[in-house]
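Here is the structure we will look at, set down as structure tokens.
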Amino acid sequence: QMLYGKALECMAEFAKICGKNDESAYFDSLYRDLADKINEHFWNGTAYVSVMKNGVRSEQIRRHQNYFGILFGYADEKKTKSITDNVLFNDEIPYITTPFFKFFEYDVLFKCGYFDKAFEGIKEYWGGIINMGASTVWEEFDPNMKGTEHYAMYGEPFDKSLCHAWGAGPI
């Protein structure tokens, strides 16, 4: 929903740039309506939950939607503070292991003013890949893995891409 909302917001801006004011207002209205619904249905008072099913809000909290909430402007200052306290710096929330999405994590750290943590994390994460002997960017990296575990993905022992352009975000 957050990605769809961001796309609607972009469409409104593109229409405006093209002089299509009626279309811009239409997409902006759709975006604002969706943003209100996201905050109404997915915010649990502490963080954004990952799913709603049959009108019931999940209790599952993941980093992805909370990072988008901050970066895409769904979270106001109070929600952003709650997300940083309860998600960003919460070791109980599963960590991001793909370089592609790590980019968003570090973008959130920078946006929230945690510059040292962002730079430290970039050095540790991408540096960890380099320390494994890589000369390319991997599809996923989990520093807790050992040996050939680093090459497994999707339930297959050697299915991980070891040359994954999407993971080069900080570069």
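The values are calculated or read from the model by the stated rules, or taken from the named source; none is laboratory data. On a predicted model such as this, the values are computed, not experimentally measured, just so you know. Virtual Cβ from ideal backbone geometry, glycine too; neighbours counted across all protein chains shown.
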Checklist outcome for this item: Across (1) surrounded by 12 or more Cβ atoms within 10 Å (Cβ to Cβ); (2) farther than 24 Å from ILE38 by Cβ, GLY113 clears everything bar (1)
Checklist entry - For the stretch 132-171, what are the residues that are loosely packed, with under 11 Cβ neighbours inside 10 Å and either within 21 Å of GLU105 (Cα to Cα) or in contact with a strand residue (DSSP E or B) (Cβ under 9 Å, 6 or more places away or on another chain) (or both)? => result ASN144, ILE171
Checklist entry - Going through the stretch 41-53 one residue at a time, which ones are touching a strand residue (DSSP E or B) at 6+ places or on another chain (Cβ under 7 Å), within 16 Å of GLY5 (Cα to Cα) and surrounded by fewer than 17 Cβ atoms within 10 Å (Cβ to Cβ)? => result HIS41
Item to check | Failed condition for PHE89, given (1) of a type outside the set (D, E, K, R); (2) in contact (Cβ under 8 Å) with a residue 24 or more places away in the chain; (3) closer than 24 Å to VAL49 by Cβ | outcome: (2)
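Looking at the structure I just gave you, is ALA15 at pLDDT 95 or above, surrounded by 17 or more Cβ atoms within 10 Å (Cβ to Cβ) and small (Gly, Ala, Ser)?
Numbers: at pLDDT 95 or above: yes; surrounded by 17 or more Cβ atoms within 10 Å (Cβ to Cβ): yes; small (Gly, Ala, Ser): yes.
It is true that ALA15 is at pLDDT 95 or above, surrounded by 17 or more Cβ atoms within 10 Å (Cβ to Cβ) and small (Gly, Ala, Ser).
Every residue, every condition in (1) surrounded by fewer than 15 Cβ atoms within 10 Å (Cβ to Cβ); (2) under 9 Å from the mean Cα position of the chain (by Cα), yes or no:
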{"site": "PHE68", "(1), (2)": "no, yes"}
{"site": "GLY73", "(1), (2)": "yes, no"}
{"site": "ASP76", "(1), (2)": "yes, no"}
{"site": "ASP85", "(1), (2)": "yes, no"}
{"site": "LEU88", "(1), (2)": "no, no"}
{"site": "ASP91", "(1), (2)": "yes, no"}
{"site": "TYR95", "(1), (2)": "yes, no"}
{"site": "THR98", "(1), (2)": "no, no"}
{"site": "PHE104", "(1), (2)": "no, yes"}
Next on the checklist: Considering only the stretch 64-75, I want to know if a residue exists there that is more than 27 Å from GLU9 (Cβ to Cβ) and among the polar types (S, T, N, Q).
Outcome noted: no
